[in-house]
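Before any comments, here is the structure.
The values are calculated or read from the model by the stated rules, or taken from the named source; none is laboratory data. Predicted model only: the values in this text are computed from it and were never measured. Cβ placement follows ideal geometry from the backbone for every residue including glycine, while neighbour counts extend to all protein chains displayed. Surface areas here come from the heavy atoms of the whole protein model, side chains and all, with no ligands, DNA or RNA. Shrake-Rupley method; radii C 1.70, N 1.55, O 1.52, S 1.80 Å.
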Amino acid sequence: RLLTNPTQLIRLLGLVVAACALCRYSSPDPMRAEVVPLVLCAMTMTITFGRQVALLVSTCVALCITLGLGQDIGEFVTLCSGICAATILLGRIRTRTKLIYVGLVAGAIVTLTHLGVDIVLGKLDATVIVSVDSLTQPQHDWKTLLPILASESLRLGGFTLLAGALMYALLPFAERLFHVQTDLSLLELGDASHPLLRQLAQRAPGTYNHSINVAAIAEAAADSIGAHGLLTRVGAYFHDIGKMFKPNYFVENQEQGGNCHDSLQPAMSTLVIIAHVKDGADLARKNRLPKRLIDFIEQHHGTTL
């Protein structure tokens, strides 16, 4: 799907280029913070393109960064541990603290992975051998070297936690740039205090109650087939907002004994009824609702007669 969607493909490639540039900029000693933009890139890809794409592309970026900086296999494994931890743990974001939690756990995994890789690659023994070959008494042993390696591992873990905190701040911009909605933004849009929903409740209370009922049924149906229930529920809240312009022409808002269509020609009644789709979509665009919610407004009557 990415290859057949030039806009999304360009956004993905732009994200990769930006991640590589930031990794290069943050890699010189003593900072060595290339893990921060790399984990940010992986988390952004997970939110916008899904786990499979994020794991594949981010691992390729990690390999490019490792080779480009002249690092060894240990650096590559450490970077991949941060990528995999952040991607697998991220899932659906219903609270902003989820990003901090992901950064914290991924940081712990990076810390332990880096420490383990250093021990497996024999960096403790290498330092001792150098001291022996110089015909001097060994100046270091594992009791003194282990804290040094542990501090380096903790530093990388701290950078991974920093990436989670930065994602917390950058999430609204990433959603707007890539035209996606997390569960968090959907929950905010579905709040009853949203201006459009408040207007609908005031101008067309019958339609508002109808939308609430449809949302409950649609969410249950979506969940039962493995679709995105929350997106379906929020889309149902807004699907009939176009009715607020002429609420009395729709049966759920009519009082007993009165029907505005009795005095209209059928062709005119048809135009009035159908117009609520276009009016709703225009109102949604004016209020900058996401396109995925506008799709609910435009498509909820299908294409048949």
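Compared with the dominant Cα axis of the chain, that is its longest principal axis, helix 51-68 is turned about 30°.
Among the chymotrypsin sites (Phe, Trp or Tyr not before Pro) found in segment 167-199, not one is both in a DSSP coil and sparsely packed, with 16 or fewer other Cβ atoms within 10 Å of its Cβ.
Spin-label model, Ala21/Gln256: points 7 Å from Cα along the beta carbon direction are separated by 6.9 nm. Sparsely packed loop sites in segment 244-305 (the GluC sites (Glu not before Pro) outside DSSP H, G, I, E and B with at most 12 other Cβ atoms within 10 Å) comprise Glu255. If R0 is taken as 25 Å, the Cβ-Cβ distance between Ser224 and Arg92 corresponds to a FRET efficiency of 0.90.
Straightening the chain between Tyr101 and Ile10 buys 29.7 nm, computed as 0.36 nm per residue apart minus the Cα-Cα spacing. With respect to the chain, whose longest principal axis is taken over its alpha-carbon atoms, helix 266-286 is tilted by about 30°.
Ordering 241-250, 92-101 by mean Cβ neighbour count within 10 Å, with the highest value first, yields 241-250, 92-101. Note on the chain: helix-only mean residue ellipticity at 222 nm, from DSSP H runs of 4+ residues weighted -39500 (n - 2.57) and normalised by residue number, equals -24000 deg cm²/dmol. Each label was represented as a point 7 Å from its Cα along the Cα-to-Cβ direction; for Thr270 and Arg198 these points are 4.0 nm apart. For the chain, the per residue solvent-accessible surface stands at 55 Å², with DNA, RNA and ligands left out and a 1.4 Å probe.
Expressed in nm to one decimal, what extension gain is obtained for the pair Ala216 and Val180 from 0.36 nm per residue of sequence separation less their Cα-Cα distance?
10.7 nm
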